[in-house]
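Worksheet for the structure shown next.
The values are calculated or read from the model by the stated rules, or taken from the named source; none is laboratory data. What you see is a predicted model, and the numbers here were worked out from it, not measured in a lab. Every residue, glycine among them, receives a Cβ derived from its backbone with ideal geometry; neighbour counts consider all protein chains shown. We work out accessible area using only protein heavy atoms, side chains counted, and drop any ligands, DNA or RNA first. Shrake-Rupley method; radii C 1.70, N 1.55, O 1.52, S 1.80 Å.
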Amino acid sequence: MSPTMIRRPAMLFLLIITVASITCGAQASRSIVFLPQPLSSLHIINTTLHQGQNARCSFTVSIRTSCSSPAQTRDQISLAFGDAYGNQVYAPRLDDPASRAFERCSRDTYTVYGPCTYQICYVYLYRSGYDGWIPYDVTIYGYNSKAVTFTYNIGIPRDTWYGHNYCRSRAVKSAGNLAWNLLSIGSTMLYAIASLFRG
C-alpha cells in the first residue's frame, strides 16, 4: 500500500474526530448549570409592579419555592432582572403573608411591569427576614424574550442581592467557542491540504 493511500483514510478519520469533538463540546456547554452568586451592589432603576411612566411592557414571573424551604415565610422578597443592554425591571416586595405566598413546594406567579427588554440574561432576588426562605427557580416570560429559567435550590443570604448574571459570560463563551471551533477546523483543513500536496 502506498503512503498516499494510508494518509487519506487517516486524514478522513482526523476530520471526523474533529467534527465530533466540536459537536460534543457544543452540547456539553449547554448543560452547565451555574450556582447563584451574591452581588455586592445593584443599581436599582425605579420601576415597580404597577404600570407607570417607565412601565411599558409586562412580564410573567413564576417563582417556585424549594421543598427544603420552611413551610411558610414572613421573609420579604424582592426581584430585579434585565438584559445585557441596561434594561432592568424591579419588583419590590413580592411577598404577602396574607396570600400564603412562597410556601414550601409552591409556585407563585406574578405580572410585573417595567421597561421593555431584549433577552433576559440576569435575575437577582433579595430576601430580608429570618425565616430562611429557599427559592427553587425563577422563570421569566417577556414579549421580546424567550422564557428563561434561573435555578437556585439553595438558601440565599438575607439582605443581599443573590442570583445569576449570564449577560457577559454567554457572549464571551460563545465567542470563545466559535474561535476554538474555527481554529480546530482551519488547522485540520490545512493539515489535509498539506498532506495532499506531499502525497
- Looking at (1) at pLDDT 95 or above; (2) buried (at least 16 other Cβ atoms within 10 Å of the Cβ); (3) assigned to a strand (DSSP E or B), which is the one condition that is false for T149? (2)
- Message: Please count how many residues of the range 83-95 are part of a loop (DSSP other than H, G, I, E, B), open to solvent by less than 70 Å² (accessible area, probe 1.4 Å) and either farther than 18 Å from T160 by Cβ or in contact with a helix residue (DSSP H, G or I) (Cβ under 6 Å, 6 or more places away or on another chain) (or both).
- Response: 4
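So that you can scan it fast, the table gives a plain yes or no per residue for (1) modelled with pLDDT of 90 or more; (2) in a loop (DSSP other than H, G, I, E, B); (3) open to solvent by 90 Å² or more (accessible area, probe 1.4 Å):
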| residue | (1), (2), (3) |
| --- | --- |
| A28 | no, no, no |
| S41 | no, yes, no |
| T47 | no, yes, no |
| Q51 | no, yes, yes |
| A55 | no, yes, no |
| R64 | yes, no, no |
| Q72 | yes, yes, yes |
| S78 | yes, no, no |
| F81 | yes, no, no |
- Specify which of the listed residues (Y136, Y130) is closer than 15 Å to P70 by Cα and part of a strand (DSSP E or B). Y136
- Note on the structure: Checked against (1) open to solvent by less than 70 Å² (accessible area, probe 1.4 Å); (2) free of Cβ contacts under 8 Å to residues at least 60 places away in the same chain; (3) touching a Pro at 6+ places or on another chain (Cβ under 7 Å), S106 satisfies every condition except (3)
- Query: For the range 66-85, which residues satisfy the criterion of being among the polar types (S, T, N, Q) and either within 24 Å of K146 (Cβ to Cβ) or in contact with a strand residue (DSSP E or B) (Cβ under 6 Å, 6 or more places away or on another chain) (or both)?
  - Reply: S66, Q76, S78
- Task: Could you tell me which numbered condition Y118 fails, if it satisfies all but one of (1) among the aromatic types (F, W, Y); (2) closer than 22 Å to I44 by Cα; (3) not in a loop (DSSP other than H, G, I, E, B)?
- Result: (3)
